[in-house]
Structure formats: C-alpha cells, structure tokens
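Derivation of every value follows stated rules applied to the coordinates shown; laboratory data play no part. The structure presented is a predicted model; accordingly, all values stated were derived computationally and were not measured. Here Cβ is always computed from backbone atoms with ideal geometry, including for glycine, and neighbour counts include all displayed protein chains.
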Amino acid sequence: MGINHAKQNKKKLKNLKENLSIGFISGVPIILFFCFLVFAFHFLSIAVAEMKDERLKAESMRYNVVSKELNVSRKHLLVEKRAFSDLYEVNANGDHYLVEFNDDCTKLKRIVKDSK
C-alpha cells in the first residue's frame, strides 16, 4: 500500500507540474496583452488631451482675431462653425457676420455682414 501511495503522489505531482506549466504558458501572454492594452489606452488618452488643447487654442485664436477685427469684446462674441463649410457664423452684439479664416486662424480671409 505504501508503494502505490508513493506512485500516486508522484503521478499527482507530475500532473500538478504539467498543469502549472500550462497555466504559466497561457497566463503570461494574457497578462502581457492586458499590459499592452493599458499602455495603449494611456497613450491614446494623452493624444486625445493634446488634440483637445489644440482645438481650444484654435478656438481662442479665432475669438481673438474676430474681436480685434470687429472691435468687440470677447464677452459679446459668439463664433460658431457652419456645417459643411469653412465659414464661421459670428454674432457680435446682435450683428451677424460670415467669416473665413486663413489656415492657421491668425487672420481673416474675408468677412461679410449677414442680414438676418
């Protein structure tokens, strides 16, 4: 009975080692995949934050350019992009304008008073 018991323990130990090695072999790639996902989402969130900062900077520049050109305070301006167009609709103290900016939003290409 002692010999059979020892053989059974050896067999159980061998099975346990095989199961552990299979678990380790399949577990490591899963852990590495999740680490990759964490890093990917981290870098994507940084990129999204930078894009948001650039968008806010461009919007601020548009408001500054229009306020200087129309000689109106930024508080009294509303600049909205027109759908499917490069034009922006500007409401300055109740007066409506259509405005087009150059590529870097530092100057106005054209400004047209809109009669609404």
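Does Val28 satisfy the condition of being over 28 Å from the mean Cα position of the chain (by Cα) and without any contact (Cβ under 8 Å) to a residue 12 or more places away in the chain? Before you say what the answer is, go through the steps one by one.
Working: over 28 Å from the mean Cα position of the chain (by Cα): yes; without any contact (Cβ under 8 Å) to a residue 12 or more places away in the chain: yes.
When the stated conditions are applied, Val28 passes them.
Just give me the residues in the range 62-104 being farther than 16 Å from Asp114 by Cβ and assigned to a helix (DSSP H, G or I), in sequence order.
Passing the criteria: Arg62, Tyr63, Asn64, Val65, Ser67, Lys68, Arg74, Lys75, His76.
For the range 80-101, does any single residue satisfy the condition of being without any contact (Cβ under 8 Å) to a residue 40 or more places away in the chain and in contact with a Ser or Thr (Cβ under 7 Å, 6 or more places away or on another chain)?
No.
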